[in-house]
Amino acid sequence: MNKSSISTNLSGKSILWFGLILIFIGISRHLPIDHPSLFNFSPTLAIFLISGAYLKGKYAFLFPIVGIILTDLTLNPNYGVNLFEPFMIVTIMSYFLIFFFGKKIGNQRTTPVILGAGIASAIAFHVITCSFSWISNPAYNKTFYGWIQSLVMGEPGYAPSYLFLRNSVLSTALFTVLFAYLAKGIALKQSSIRSKAILQAN
């Protein structure tokens, strides 16, 4: 493992602090309740992507999933859904997939790669969840046109799906880059503290 990869990985207390920050930011998912135009403008996907890319060890997935479950317990009653109904299970599986995307980034954590991964994660999440809605919702015709409708326009009488996708792409791209810089800054500070401790010991 080269020096650059070591200096940009979170470990020890830095994982705890970064994880707590992510959980706190996850609370911002409540914002769209009072501002419907911000539906899907959320840090959620970015949290899972960056956790996969930067958090190491067996607790890497614990921080984002705890934050999401805690906020879902208070959010879901507002949307009339339960935590363990089929759509929510598909959603959580999508989070696992995005976390895996982060793991696959490895040490290639340049800004263009992080940004591209964020956009790809938002699109993948949209396709997966809308496709499940198309399969399970009787409002959609079970045809190719019905599938496209679920992706673009959504169910009649509700806000169009493309607005959710737009907000998801914008927010995920924004928060992914911000979280990446935050994680890198924390990791570099951690590395600097270790280096000073080694110098003082010598």
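A short reminder: the numbers here are calculations on the coordinates, not readings from a lab. Computed from a predicted structure; not experimentally measured. Because the Cβ atoms are built from the backbone with ideal geometry, glycine has one as well, and the counts that use them run over all protein chains shown.
As an exercise, use a Förster radius of 41 Å and the Cβ-Cβ distance of Thr143 and Tyr181 to find the FRET efficiency, rounded to the nearest 0.05.
Efficiency for this residue pair is about 0.40.
Among Tyr54, Tyr145, Tyr162, a tally of other beta-carbon atoms within 10 Å of each Cβ gives an order, fewest to most, of Tyr145, Tyr162, Tyr54. Placing pseudo-labels 7 Å out from each Cα toward the beta carbon at Leu163 and Ser136 gives an inter-label distance of 2.3 nm. Between Leu170 and Ile128, the simple spin-label model (points 7 angstrom out along Cα→Cβ) gives 2.4 nm. Each residue, Met88 and Lys104, gets one label point 7 Å from its Cα in the Cβ direction; the gap between the two is 2.8 nm.
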